[in-house]
Amino acid sequence: MTEIDPGAGAAAESGPDSGPDRERRARARKRLDDAGAKVTAEARTESREQVRDLMGWS
């Protein structure tokens, strides 16, 4: 059986890891992380509001 390197496909598709590409990917990753955090915070706030309404605490 042949061993498969899981990182080989991704590395081959993305090409050489040059500085500008690395920086661009890092910025994109940060934007995604920030957006995810914002959505999570909004969902938590909404859940708290729903609990307050259901429990009559509002």
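The values are calculated or read from the model by the stated rules, or taken from the named source; none is laboratory data. Since this is a predicted model, take the numbers as computed values, not measurements. Neighbour counts are summed over all protein chains in view; Cβ atoms, including those assigned to glycine, are modelled from backbone coordinates with ideal geometry. The area values use the complete protein model at the heavy-atom level, side chains included, leaving out ligands, DNA and RNA. Shrake-Rupley method; radii C 1.70, N 1.55, O 1.52, S 1.80 Å.
Given (1) at pLDDT 95 or above; (2) exposed (fewer than 10 other Cβ atoms within 10 Å of the Cβ), identify the lone condition not met by Gly15.
(1)
Can you say whether Ala8 is modelled with pLDDT of 85 or more, open to solvent by less than 60 Å² (accessible area, probe 1.4 Å) and assigned to a helix (DSSP H, G or I), as far as the supplied structure shows?
Here the answer is no, as Ala8 does not meet what is asked.
Can you tell me which condition Trp57 does not meet? The list is (1) modelled with pLDDT of 95 or more; (2) not in a helix (DSSP H, G or I), and all the others hold.
(1)
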